[in-house]
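Have a look at the structure below, then the notes.
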Amino acid sequence: MRCPFCGHLEDKVVDSREAKDGDSIRRRRECIGCGRRFTSYERIDQIPYMVVKKDGKRENFDRNKIMSGLLRACEKRPISTGQLEAIVDDAERKLQDSLDREIPTSEIGKLIMRRLKALDKVAYVRFASVYLEFEDVSAFMTELKDLVRSRETTPQTNAKKKKKK
């Protein structure tokens, strides 16, 4: 490290301790050339998590963007903020667990849609209508029909049908 007073390249560390914020190490150094002391700070250089968009662009992962989309999809639905936070936490954990520091938005979208589908069908349809970018009404209707079909074959609905008989 270069001395800020004389420019000499050699110094010795006199004292090391964790900085107040806990994210860095504070080192007191003494220049071998001029004998003056100075302080340096070391911290880990964080590489941001990135998402790869459909068009190939990369941007920083943003929890708030995901949460904003979920809040819009779940507007006036009986879904708590805690449940939405859990979905966003899952998406973030998936990114952190990957070997890469980036993940395609399609993977995040599939994860969110899977969780929403289990949580609330209306919120799922709202989110899917924006995320999947349906090209026409028939594509949207196909998704709705699949949703209805899957609902008719779940164990819960089968149990309800038996109760009614």
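The values are calculated or read from the model by the stated rules, or taken from the named source; none is laboratory data. Here the structure is a predicted model, which means the values were calculated and not measured. So basically every Cβ, Gly included, is an ideal-geometry build from the backbone, and we count neighbours across all protein chains shown.
The table for this structure:
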{"quantity": "Test: residue in segment 59-74 that is loosely packed, with under 11 Cβ neighbours inside 10 Å, touching a residue at least 24 places away in the same chain (Cβ under 8 Å) and over 11 Å from the mean Cα position of the chain (by Cα)", "calculated": "no"}
{"quantity": "Pick from segment 91-122, criterion buried (at least 16 other Cβ atoms within 10 Å of the Cβ) and small (Gly, Ala, Ser), ranking: farthest from Arg63 (Cα to Cα)", "calculated": "Gly109"}
{"quantity": "Residue tally, condition touching a residue at least 12 places away in the same chain (Cβ under 8 Å) and part of a strand (DSSP E or B), over segment 17-48", "calculated": "15"}
{"quantity": "When residues of segment 13-26 are limited to those that are acidic (Asp, Glu) and under 21 Å from Asp45 (Cβ atoms), the one surrounded by the fewest Cβ atoms within 10 Å (Cβ to Cβ)", "calculated": "Asp21"}
{"quantity": "Checklist (1) in contact with an Asp or Glu (Cβ under 8 Å, 6 or more places away or on another chain); (2) under 24 Å from Ile47 (Cα atoms); (3) modelled with pLDDT under 90 applied to Leu111, failing item", "calculated": "(3)"}
{"quantity": "Condition broken by Arg77, with the remaining ones in (1) under 22 Å from Tyr124 (Cβ atoms); (2) of a type outside the set (S, T, N, Q); (3) in contact with a strand residue (DSSP E or B) (Cβ under 8 Å, 6 or more places away or on another chain) satisfied", "calculated": "(3)"}
{"quantity": "Criterion violated by Glu10 - all others in (1) more than 29 Å from Leu99 (Cα to Cα); (2) of a type outside the set (Gly, Ala, Ser); (3) modelled with pLDDT under 95; (4) exposed (fewer than 13 other Cβ atoms within 10 Å of the Cβ) satisfied", "calculated": "(3)"}
{"quantity": "Per-region count, segment 56-111, residues in a helix (DSSP H, G or I), among the β-branched types (Val, Ile, Thr) and touching a helix residue (DSSP H, G or I) at 6+ places or on another chain (Cβ under 8 Å)", "calculated": "4"}
{"quantity": "Test result for Pro78, over 30 Å from Ser24 (Cβ atoms), surrounded by fewer than 12 Cβ atoms within 10 Å (Cβ to Cβ) and in contact (Cβ under 8 Å) with a residue 40 or more places away in the chain", "calculated": "yes"}
{"quantity": "Complete set of residues in segment 123-140 that are part of a helix (DSSP H, G or I) and either surrounded by fewer than 16 Cβ atoms within 10 Å (Cβ to Cβ) or under 21 Å from the mean Cα position of the chain (by Cα) (or both)", "calculated": "Ala123, Tyr124, Arg126, Phe127, Ala128, Ser129, Val130, Tyr131, Val137, Ser138, Ala139, Phe140"}
